[in-house]
Each structure stands twice: as C-alpha cells, then as structure tokens.
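Everything below concerns the one structure shown next.
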Amino acid sequence: MTTSAGSSGHRPAGPSAGDPAASSAGPSAGALPGLSAGPSAGPSVGPFAGTSRLNAARRTFELQALGDDPRIDLLVIGGGVTGAGVALDAASRGLRTVLVEARDLAFGTSRWSSKLVHGGLRYLASGRIKVARESAVERGVLMTRTAPHLVHALPQLVPLLPDLLRPGQASLIRAGFHAGDALRLVAGTPGTLLPRVRRVDAARARRLVPGVRTTGLRGALVAHDGQLVDDARLVVALARTAAQYGASVLTRVRAEAVTGSSARLVDTLTGQQLTVTAGAVVNATGVWAGEVDTSIRLRPSRGTHLLVDAAALGHPTAALTVPVPGSVSRFVFALPQQLGRVAIGLTDEDAPGPIPDEPQPSEAELAFLLDTVNAALATELTRKDVRGAYAGLRPLIDTGDGSTADISREHAVLESPSGVVTVVGGKLTTYRRMAQDAVDTAVRLRGLPARTCRTARLPLVGAPGHRDSRPAPAAPLPASLLARYGGAAHEVLAAGELTQVADQLDVTRAEIAYAVTHEGALDAADVLDRRTRIGLVESDAERARKAVEELVAEHAG
C-alpha cells in the first residue's frame, strides 16, 4: 500500500464546472437494462444542469446518462461528509464526477457526531499540534465562508466546583482554553465570531446552564467553539452543491468489484447494473473502507451520546463541560440541540467485529455518561430521563496496541495495490481538507485534467454568498427553519405549508416536502432519520410517521 500526502502535481485546468464540455465524450455504451437512452454528454447537462435539486427524477435521469456514457473522471464511493466533500472538490475542479452511496446521504458516522465544529483543543493537550491547527483552520473556513448558516458559536462552560476538579486542574483547563484561543488567532477567525476565554461568576454560569449544581459553585470558565445545527444537514448541503457543479449524486447505488479504474454499480432499488470506467476511484466509505479495499486496516472506536429533554437542564444555552475522572484531555459534554433536546456525550470504546449499519450504545456507556454529567448537575438525571441514544463508529487507522482514545485523529490518503485511493481517519471538522488531499492524490497519480482546489472559498447551498441564497423574507419565519436552511429558506416556503408535522415538533410540512423535492430523500426513513432528525427519539418518530409517509408519497413524483 502506498501512502500519499496528496498535495502537488496539478495538470492543466480543464473546462469550467457545469459546462457540457466538462463531461467525457464518447459513444453510447453500457446502458442500464430497461431504461431509455439519456444524453451522451453526461450528468452535467440536461434538465438539472446548474441546479442543486436532488430527487428521484434526477436520480433516474443521471443513471440513464451514465448508462449511455459510463466513462467518467472520478468515482467517489461513500455519501458521508468526506465523500460529499470529495465530490464537491472534484466537480468544482471541472472533473466529471459520480458519487455513489449504497444507502442514503449521511447514513453512517457523519450523522452520529456531537455536532461540534472543533477548534482542536483536545489535540493540543496530547501534543498533536498539526491536527489541532488544521482543525482550527477548517473551523474558520466553515464559520466564515462555506457554511456560516449551519454553524454558530457555542459557549463551553466548565463549572468551578471543588469536588469536580482536582487541585490545579482548573489552571490546566484555563491554560488549554487560552491555547485554543491562540489557535483561533492563528487560523484568522475573528474574536467577534468566537469570543475569547473568560471567567464568569456563579450567577452568569447559572444563566448559561440553569441546571448546574450551585453548592460550592465559584463561577465557571467559558470558551467558545463551533456547533452545527445538524451534521446530516452539512452532508446534504455538500452533496447538493456538488450536484450544482455537475456531479452525479446517486443514493441506493452499491459499488462492487471495485478497482482503481472501474466498478460495477448496482441500483439497489431495481437490481439493474452497469460498469463504469474512471480516471480514478476514491474510497470514502469511513468505517466500511476495508470492505471496499481489503488492504485497509481500521480500528473502529464507538462514540455514544444520549438525549434528554432540554427542560431537564433548564434549557441551557451553553455546553456544560465536565472533566472525565482520571483524564486531563477528555470531557463529557451536555450539548444543546435542535428539537428541544440536549445530547450528552461522548464515549471512546473499542468496537471490534463486523460493522453494523446502525451501532448501538451499551448500557455501560449510558451509565458512564449519566454518572459523569451528574457530578455537575443540581438534579441528577436517571435512566428514565433518557429520551433516546445513538452511537457512531470512528474510522481510526489501526496503529497497534493502546486505547482508541490515544489513536491519532489525523487523516491519511492511501493508494491500494489495486489503485483505489482511500481516505480514512480525520474528523468531521476537517472533511474539506481530507477531500482536498484525496482529490489532489487522485489528480497526481492518474494525471486527471483538473484545476487546483477552490473549496475553501465556495459557499454551500444556503450560505450567504451562494448564488441561490435569498435574504429572509419580510414575513416572520420560525427561527428553526432559518437555522436549518439559511438562504434557501425561500425554497422551503415554496414547497409546502409551515404547519408542524406533529404536535410539539418544530419541523414543518414544507420541510418534509422539500426533503423529497430538493434534498434527495427517497422514503420516510430518509426524512425522519437524516433530513429532519425526528427519528433520534422514537416517540417523536411515531407521532410524525404517518404524516411524513403521506407527504413523501405525495411529492415523490
């Protein structure tokens, strides 16, 4: 296996993205059985050219186009944050790009995160300065240029409670916070966006986290980091932006018999198949990377969160940050979330064995999270307070013995003996840099006719500066709608009614329709579990399911 830094050796610039000339030319061949012929020029032309809409009609059209001309520049396997980032990077460089995902966008680890856009503070504590700096830089890119509509500053509050912190630990945490602030300065992120570290008194600490324990409280240390309104929304925005630049984004399509220059694609909805030839193939399947490329050795680590009602902590506006006993760099966070929840996480446990579609938290992990956070709460949470729980698997590179918490979060771009380029490791925050390195490597190894990377300055769908974004309309809109869609809220308004899809859920019927017509949702599970996140709490999903199924059926055509 060859390891590549993936940073140099660009070929001359190709045609502009979205130009029909950017697609590979050639005779029609390999059409999907049973499908009528589509245009031979490829997926960047036709009725969807230049649009970001993802839906069933576009999927059918682009499968037809691919069947007519199966020669492409880059095949991306995996529809998580990294795969979607690779597709955007490649398409915006003018490459004919196809992304295939066997299930749905954000089906895997990308939807199971803490939804934090980390500045790299934890990595500083363990001496991983390169990873820390990269995280801070990429956080700044997300918050200032590519997705400021999806990311906001989140205060992180460490309560100064004598029995919570060991002697000298408060000073160490304060020093770490100041080091994190230095990273912010190095990354060029303004203090108006991420305020500097400060100490607050007990009254201010209680306003930020009303549920904090007050006995012995001597104030709190407060630092700021970035928080996504939702991790799956970032993936969808990336995929839609990639589609607007001409990429084909094909969910429910499985890649088999993968080599460095070809793959057999199977439409899992119909069973139909075609073989594509590609200038390069990028494996961005996360914890499933070893199933695509058997030369890859990963050591998955499970990170678990539990969900409680925000009311149980007094509707906090800051993340309660509780040191894990015995560790200088690990914390349990109680993080405010959309839909009136607080997520408490996270764990770092070895997860050997077969990779499940949906990892399940263990009771021991839930108990650990409750015990740790309860040390800082006025009223203890019990197992009965847990409304839901979820777990994700980190695709860590296997480095041998030791705890998974000690394995580097640095990413790697690897070339397998078959020629497949695999990108593994990393963090959600650094997805853009991972994608850039993967495409740089593919361009250098295969001589692809691509321009240099430009994703650090490309606003995603909904972001200020994106060509389709519009200011908020004069009529009042739910704050949750603006937080989830930004400058694309006007499109949501046109999709349907703003009435709630179920009682006590701030998700509207318009958002369900929009998920089907613009965001590539093909069934109710896509909507509940990955476009709206209603499905994180089973009782919420059951209340909304009938209405969601009816709306999906209504708009599917």
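The values are calculated or read from the model by the stated rules, or taken from the named source; none is laboratory data. Predicted model only: the values in this text are computed from it and were never measured. Every residue, glycine as well, gets a Cβ built from its backbone with ideal geometry; the counts of neighbours run over all protein chains shown.
Considering (1) out of contact with any Ser or Thr (no Cβ under 8 Å at 6 or more places or on another chain); (2) surrounded by 15 or more Cβ atoms within 10 Å (Cβ to Cβ); (3) more than 30 Å from ARG454 (Cβ to Cβ), the lone condition that VAL158 does not fulfil carries the number (1). When residues of the stretch 321-342 are filtered for being in a strand (DSSP E or B) and closer than 23 Å to LEU505 by Cβ, how many remain? Final tally of qualifying residues: 5.
Given the criteria in contact with a Lys or Arg (Cβ under 9 Å, 6 or more places away or on another chain), modelled with pLDDT of 95 or more, over 20 Å from GLY345 (Cβ atoms) and not assigned by TED's automatic domain parsing to the domain that holds GLY486, does ALA223 qualify? Spelling it out, it is not the case that ALA223 is in contact with a Lys or Arg (Cβ under 9 Å, 6 or more places away or on another chain), modelled with pLDDT of 95 or more, over 20 Å from GLY345 (Cβ atoms) and not assigned by TED's automatic domain parsing to the domain that holds GLY486. Applying the criterion of being within 22 Å of VAL322 (Cα to Cα) and under 26 Å from the mean Cα position of the chain (by Cα) to the residues of the stretch 184-221, the residue that is surrounded by the fewest Cβ atoms within 10 Å (Cβ to Cβ) is PRO195. Applying the set (1) closer than 30 Å to VAL386 by Cα; (2) assigned by TED's automatic domain parsing to the domain that holds ALA412; (3) of a type in the set (Ser, Thr, Tyr) to THR268 leaves exactly one unmet item: (1). The residues in the stretch 284-341 that are among the aliphatic types (A, V, I, L, M) and at pLDDT below 95 can be counted, and the count is 4. Per the listing THR241, THR285, THR251, the residue uniquely farther than 27 Å from GLY46 by Cβ and outside the structural domain of ARG206 (by TED's automatic domain parsing) is THR285. In the stretch 363-373, what residues are more than 12 Å from PRO325 (Cβ to Cβ) and not hydrophobic (A, V, I, L, M, F, W, C)? GLU363, GLU365 - these are the residues of the stretch 363-373 that are more than 12 Å from PRO325 (Cβ to Cβ) and not hydrophobic (A, V, I, L, M, F, W, C).
Go through the stretch 200-257 residue by residue and tally those that are in a helix (DSSP H, G or I) and polar (S, T, N, Q). Going through the stretch 200-257 one residue at a time, the tally reaches 2. Total residues in the stretch 138-152 satisfying the condition of being more than 19 Å from GLY487 (Cα to Cα) and either in contact (Cβ under 8 Å) with a residue 60 or more places away in the chain or surrounded by fewer than 22 Cβ atoms within 10 Å (Cβ to Cβ) (or both): the figure is 2.
A single entry from LEU88, LEU124, LEU116 fulfils the requirement of being closer than 30 Å to VAL328 by Cα, touching a residue at least 40 places away in the same chain (Cβ under 8 Å) and under 15 Å from the mean Cα position of the chain (by Cα): LEU116.
Beta carbons closer than 6 Å, at least 6 apart along the sequence or on distinct chains, pair a first residue in the stretch 351-372 that is within 18 Å of TRP112 (Cα to Cα) with a second that is in a helix (DSSP H, G or I) for ILE355/VAL287; ILE355/TRP288.
Which one is modelled with the lowest pLDDT among residues in the stretch 37-55 that are buried (at least 19 other Cβ atoms within 10 Å of the Cβ) and closer than 23 Å to ALA553 by Cα? Per the criteria, the residue is PHE48.
Each row is one residue, and each column tells you yes or no for (1) part of a helix (DSSP H, G or I); (2) within 21 Å of ARG206 (Cα to Cα); (3) not assigned by TED's automatic domain parsing to the domain that holds ARG206.
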position: HIS305; (1), (2), (3): no, no, no
position: ILE344; (1), (2), (3): no, yes, no
position: LYS384; (1), (2), (3): yes, no, no
position: PRO417; (1), (2), (3): no, no, yes
